[in-house]
2 protein chains.
Amino acid sequence: MSNLQHDLNASFVPLPSYKRPFPSDTLAGQSRDAEKRQRRSKSPDLPKAISPPPGALETPKSPGTKSGNEIPAPQKTAETPVSFSRPTFLQLSPGGLRRADDHVGRAVQSPPDTGRRLPWSTGYAEVINAGKSRHNEDQACCEVVYVESRRSITGVSREPSHNQGFSFYYWGLFDGHAGGGAAEMASRLLHRHIREQLKDLVEILQDPLPPPLCLPSTPGTPGVSSPSQLVSPQSWSPQKEVTHDSLVVGAIENAFQLMDEQMARERRGHLVEGGCCALVVVYLLGKMYVANAGDSRAIIVRNGEIIPMSREFTPETERQRLQLLGFLKPELLGSEFTHLEFPRRVQPKELGQRMLYRDQNMTGWAYKKIELEDLRFPLVCGEGKKARVMATIGVTRGLGDHNLKVCSSTLPIKPFLSCFPEVRVYDLTQYEHCPDDVLVLGTDGLWDVTNDSEVAATVDRVLSTYEPNDPSRYTALAQALVLGARGIPRDRGWRLPNNKLGSGDDISVFVIPLGGPGSSYS
Amino acid sequence: MSNLQHDLNASFVPLPSYKRPFPSDTLAGQSRDAEKRQRRSKSPDLPKAISPPPGALETPKSPGTKSGNEIPAPQKTAETPVSFSRPTFLQLSPGGLRRADDHVGRAVQSPPDTGRRLPWSTGYAEVINAGKSRHNEDQACCEVVYVESRRSITGVSREPSHNQGFSFYYWGLFDGHAGGGAAEMASRLLHRHIREQLKDLVEILQDPLPPPLCLPSTPGTPGVSSPSQLVSPQSWSPQKEVTHDSLVVGAIENAFQLMDEQMARERRGHLVEGGCCALVVVYLLGKMYVANAGDSRAIIVRNGEIIPMSREFTPETERQRLQLLGFLKPELLGSEFTHLEFPRRVQPKELGQRMLYRDQNMTGWAYKKIELEDLRFPLVCGEGKKARVMATIGVTRGLGDHNLKVCSSTLPIKPFLSCFPEVRVYDLTQYEHCPDDVLVLGTDGLWDVTNDSEVAATVDRVLSTYEPNDPSRYTALAQALVLGARGIPRDRGWRLPNNKLGSGDDISVFVIPLGGPGSSYS
């Protein structure tokens, strides 16, 4: 990867293997995410308490608790900087934290069976990478978040029941790259941004009437009461139907953007390093909202059927968006890149010949005469897991990356990255779920070496060995999924049963039961 | 519609009814495509021979016939301009042409049963609109097109069999708006642009080896022979796999662009007026390539199953693309439009209040404080068939429209329109088709009043009343589909059996049998 970054005139080359505890010749497949290693050595990690107090789960606040608008920055709790952190719900002791950070043993971590369970009996498991970065750059969060109406603070309401707020259930996986700061910050704060966005919607979402199109001036204005009064009485103008769902989707989208903006503000204090993919689930009023920005993945396995709940955003899947941006804003490409795609690097000696290309409008290929500009490095290059934007980054959506530059250049990459998730909505009330129906979230460490069908098979195999009412079955399933992707150390590498290489990446998995004990929460 | 165009400060209003042979109160639903009427009165129609000679189908040329690169402009064959034309394969006499142009009788037109059949026993039927434009602005084309290798002209070849060229089968539906010129020009020339693009690919597509990534200099260079020799022997650089299919897709995409560019060049001579949607099928070497730019639609009905072969491109389906362009290039919006979407028009008195909005990144809705800029007219407005870009046009892809401007403004709309089709590929060899399996192409006149399932039911109903080997069954099916969408004159309007209004638009339908007599051509 350093070759690619330092010599833009060179052709695509396989990523160099990285110094790790195993001979590199057996681990090529475990060294694929070069951008995650970028600037690792100079990355100052966030200060963080090593071992959070047990039972640190966020509990619903009682209505009426005073709540401000501001989203706090990560706290500096320790005098001496501590180099890394794991999710608080793992309740790791200092010794446990050391084991979780061990690239050689790669012990699978889950919340302790003895402690408090995760909300909804959620299962969770994670494992650190095989040496590609010093610490596990995945982060996770699982919370119950109480949303208090912003308006109820004013004390003016005709419908008190609507002002009592509501809770949402929240799960988030954050896969960091180029440092762990962004993932850690997102895991601590994104759900708070979502809560802030939902505060204006507390009454509206609980009112069966269609959402008002227009609200008087600023939030919290006295005199604003039932949303039904806010519906514009004017029928002179056709108006689009806006659903309650789409307000939640809009709230999540804006929360992602505000989280990203906060990272931009705080990057200068070196509180945030690198960037992260974010895969987030919000359960609210009977519906699951699955928001994905990056290359993590969510699927529902329901009665053996697979329902995809996300898609990945990579240089390949977003090629046309990236090329269009480069075409419309050529200044973003500097003099180093071309927005055209070629099936391989063009060589100077091929000037005047005709090579296959695709521009931002094309899905097919055609021949074009090679001109001088075509010798520039392509904006989008490589295939599969080696696909890169500006020879640097392999995911095209996520949070952070505000400092990310093309190597040996001042060209920023952030303009090509989107912080906006795609949000899919799943209505839990439309189907009678059984305890074996689950929503599985995994970072790319899982999906790099397995697929939807294999995961569904593991769901079936593991859950069938537990009683339906055994709440530990979902953790067991998450552990099985992580173990199955990691493999076991054999033949100088981590190997799967079929002898292929296991995932050398950080691997994190949530298993959320859709019809098990959790359904009593709905 | 004139209200919308002339007063951008007004709110959305339903389209005014248009003067037509029936009282307007019964025909509101038949007056939906205002942009198709725009500037109709000043639209000079293309000169065109009224009645082409029977049997004017293009027949395969023998290999070796000299062929140039140029695409001719529509011929001026008549001294006295003739105001409109219908597809040559209809073989209309002057009297037949008058009947085809009669808005009152709205007789369904098909190729004569006595004449030469359309290639592949294709069925075709059309009917003129109920008065919304003076002439039928739909056009159609059905041809067998021979492609001669550009290289074979040089006479240098080691593989003569590869240089014999090939034929492709071609069907095109062109739904014009704001004048019939663009649709007519496209119906005469688009397949020739496709042929030109395919000329470079004759040997490559017939060679089982992967396409060469790079070709020496210009087409027709002596010394270029088997494509296999052209494959870069250098394995130093990873290269993307490019399929034969994707070359055909690229050829079609480029042909659309070149057709659009030709229209731009020739608009000044008033040879081309308005714009058109284009839905095109190319059958080549065992595969159907269905290319769509606009709001026509193609579906396959196979053993009762519906396989969508296109999607529609409208202000609603392309909202985010349009908004992104307006955001990145605000100069395209002038001072009249905002790229933000609101559920209804913002009123000046609402300044400072908070209204629901969506920007280019959002699929959900959120509230924003209304500022002065938000009072501008939204780039994308309206819903369903009334959705418009810049209050003017209801389709966002197609050919032509180079002169289209926002009314009472010099703001061009063309920058927001894309001439690029989406191309879907269907491999005919992967399934044993029976005579009842068909590909149905229809302009929006058909789909406005019916849906995929109803069309599939009509396919089943009509074809079952004919012998499987009766080649007239596909024309009968096309006629039934057109009749079913047009309805019959009753209660001061064209009515469907359920008493709803039929389509007052031009309606054109191709029915292409996938496993009937046509399969012998493959």
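The values are calculated or read from the model by the stated rules, or taken from the named source; none is laboratory data. Just so it is clear, the structure is predicted and the values come from calculations on it, not from any experiment. Using ideal geometry, Cβ is built from the backbone for each residue, glycine included, and neighbour counts are taken over all protein chains shown. Quick note on the areas: whole protein, heavy atoms, side chains included, nothing else; ligands and nucleic acids left out. Shrake-Rupley method; radii C 1.70, N 1.55, O 1.52, S 1.80 Å.
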B plus A alone minus the pair: what accessible area, both sides summed, probe 1.4 Å, in Å² to 100? 5200
Could you tell me which of the pairs B:385/B:414; A:386/A:500; B:199/B:287; A:414/A:500 are separated by over 26 angstrom between their Cα atoms in the structure shown? A:414/A:500
Using DSSP to define loop residues, name the GluC sites (Glu not before Pro) in region A:361-468 whose beta-carbon has at most 13 other beta-carbon atoms within 10 Å. A:371, A:432
Suppose all protein chains stay in the model; what accessible area per residue would a 1.4 Å probe give for region B:318-394, in Å²? 35
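Of all DSSP beta bridges in region B:318-394, what percent run antiparallel (nearest 5)?
Values: 8 of 10 bridges.
If I count the DSSP bridges inside region B:318-394, around 80 percent turn out antiparallel.
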With all protein chains present and a 1.4 Å probe, the order of A:84, B:174 from largest accessible area down is A:84, B:174
What residues does region A:344-390 have that are buried by at least 30 Å² of accessible area in the full protein assembly compared to the chain on its own, 1.4 angstrom probe? A:344, A:347, A:353, A:354, A:356, A:361, A:362, A:363, A:364, A:365, A:367, A:383
Under a plain spin-label model, where a point goes 7 Å from the Cα along Cα-to-Cβ, how far apart in nm are residue B:492 and residue B:268? 5.0
For region A:110-135 and region B:488-502, what is the separation of their C-alpha centers, rounded to whole Å? 65
Put a point 7 Å out from Cα along the line to Cβ at residue A:467; what are the distances to that point in the other copies, in nm, shortest first? 7.2
Take residue A:461 and residue B:461, extend 7 Å from each Cα along the Cα→Cβ direction, and tell me the distance between the two endpoints in nm. 5.2
State, to one decimal in nm and shortest first, how far the label point of residue A:112 sits from each corresponding label point in the other identical copies (label point: 7 angstrom along Cα-to-Cβ). 9.3
On full extension of the chain, what length is gained from residue B:261 through residue B:209, given 0.36 nm per residue of separation minus the C-alpha to C-alpha distance? 15.4 nm
Note to self: Kirkwood Rh of region A:363-455, Cα pairs, one decimal, Å, is 17.6
Given a Förster distance of 51 Å, the FRET efficiency implied by the Cβ-Cβ spacing of residue A:383 and residue B:349, rounded to the nearest 0.05, works out to 0.35
Listing of region A:244-290 residues, each with accessible area lower by at least 30 Å² in the full protein assembly than in the chain alone (probe 1.4 Å): A:246, A:247, A:253, A:254
Computing the accessible area with a 1.4 Å probe over protein heavy atoms, can you report the carbon and sulfur percentage for region A:410-454? 48
Solvent-accessible surface (1.4 angstrom probe) belonging to residue A:453, in square angstrom, nearest 10: 80
Mind checking which chain B residue has its Cβ closest to the axis relating B to A, and how many whole Å off it is? B:328, 3
Please give the residues from region B:404-433 for which the solvent-accessible area of heavy atoms, probe 1.4 Å, is smaller by at least 50 Å² with all protein chains in place than with the chain isolated. B:420
Going residue by residue through region B:313-323, the Karplus relation 6.51 cos²θ - 1.76 cosθ + 1.60 with θ = phi - 60° gives ³J(HN,Hα) values, rounded to whole Hz and with x marking Gly or Pro, of 10, 9, x, 7, 6, 10, 3, 5, 4, 5, 5
Quick one: pull the percent of accessible area on region B:318-394 belonging to carbon and sulfur, 1.4 Å probe, ligands and nucleic acids left out. 54
Which ³J(HN,Hα) values, rounded to whole Hz and listed in residue order, are derived for region B:280-286 from phi using the Karplus coefficients 6.51, -1.76 and 1.60 in 6.51 cos²θ - 1.76 cosθ + 1.60 with θ = phi - 60°, glycine and proline given as x? 10, 10, 10, 9, 8, 6, x
When each copy gets a label point 7 Å from Cα toward the beta-carbon at residue B:265, what are the spacings between them in nm, shortest first? 5.6
Order of exposure, largest accessible area first, which applies to B:495, A:106, A:424 with probe 1.4 Å: A:424, B:495, A:106
